[in-house]
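Notes follow once the structure below has been shown.
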Amino acid sequence: MSMLYSRPSSTVLNYYGAYYCPVCRHGEIATLPLMEAFSCNFCRHIFTANIDKQAITIVDSQLPLTWYWTGKRWQNIRSVKTFQWGYRFLALGFLLLPTLIVATGAYLFPVLPDSPLAWFPWFWVGLTFICHLSCLLWLVLEYYQFPLSLYFEALMNNILSRLSLSND
Ligand SMILES: [Zn+2]
């Protein structure tokens, strides 16, 4: 059952406050009765708190993710520094340079247009681009520690529980 009351989120992390959930960013986390642990009313993940460090760590997940409470929002340990221009430039180079090299090769040494594999060099160019792009996206997700799978899991569980409620 969802909790109907809503306590204002406190500027300091304590066991009496309620805060939005850092995993689903939709539910509200509040302490479980008689326990020093927080639980979300939407995705039902459990967190332990470190009041001294103003941090919570998810316990029912294989990823030991930790977030700090800034007074207004949760901050991931590693997203303190956002991507700077140097990184963006490097990322762009990582993405475009190999693609350009492969494309130059395909342009300078064209396959005979009648040959059955004439499409191949340009297919290879596209593949190079996609491979490097997916590497980059994976790195960004890792960097920000965005719990993508946990988020979708929470969303699915909520939809399923709503469906089973409406069938009653
Ligand atoms: Zn949640």
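The values are calculated or read from the model by the stated rules, or taken from the named source; none is laboratory data. Everything numeric here is computed off the predicted structure, so don't read it as measured data. Backbone-built Cβ (ideal geometry, glycine too); neighbour counts: all protein chains shown. Ligands, DNA and RNA are excluded from the accessible area calculation, which covers all protein heavy atoms including side chains. Shrake-Rupley method; radii C 1.70, N 1.55, O 1.52, S 1.80 Å.
Scanning residues 5 or more positions from CYS40 or on other chains, those with amide H under 5 Å from its amide H are HIS45, with H placed 1.01 Å from N in the peptide plane. The angle separating the long axis of helix 85-108 from the principal Cα axis of greatest extent in the chain is about 30 degrees. For the range 92-106, list residues with backbone N below 19 Å from a point placed 7 Å from the Cα of TRP138 toward its Cβ? Of the residues in the range 92-106, 92-99 have backbone N under 19 Å from the label point off TRP138. Of the solvent-accessible surface of the chain, computed with a 1.4 Å probe and all protein chains present, 68% belongs to carbon and sulfur. Per residue, the chain exposes an accessible area of 71 Å² to a 1.4 Å probe, with every protein chain left in place. Loop exposure criterion: chymotrypsin sites (Phe, Trp or Tyr not before Pro), DSSP state outside H, G, I, E and B, at most 16 other Cβ atoms within 10 Å. Applied to the chain, the longest stretch between such sites is 17-82. Our coupling estimate for the range 53-69, obtained by passing each phi through the Karplus curve with A = 6.51, B = -1.76, C = 1.60 and θ = phi - 60°, is 8, 6, 9, 10, 10, 6, 9, 9, 9, 6, 8, x, 7, 10, 10, 9, 8 Hz, Gly and Pro reported as x.
In a fully extended conformation the segment linking LEU90 and LEU108 would gain 3.8 nm over its present Cα-Cα distance, using 0.36 nm per residue. Kindly express, to the nearest 10 degrees and within the range 0 to 90, the angle between helix 120-144's C-alpha long axis and the longest C-alpha principal axis of the chain. The angle comes out near 20 degrees.
The modelled label-to-label distance between LEU160 and GLN62, using points 7 Å beyond Cα along the C-beta direction, is 1.7 nm.
Shown is the FRET efficiency for LEU127 and HIS26, computed with R0 = 35 Å from the Cβ-Cβ distance and rounded to the nearest 0.05: 0.40. If a/c stays under 1.5 just call it rounded; otherwise compare a/b with b/c (prolate if a/b is bigger, oblate if not). Do that for the range 85-144, with a ≥ b ≥ c from the square roots of the Cα gyration tensor eigenvalues. It comes out oblate by the Cα gyration axes.
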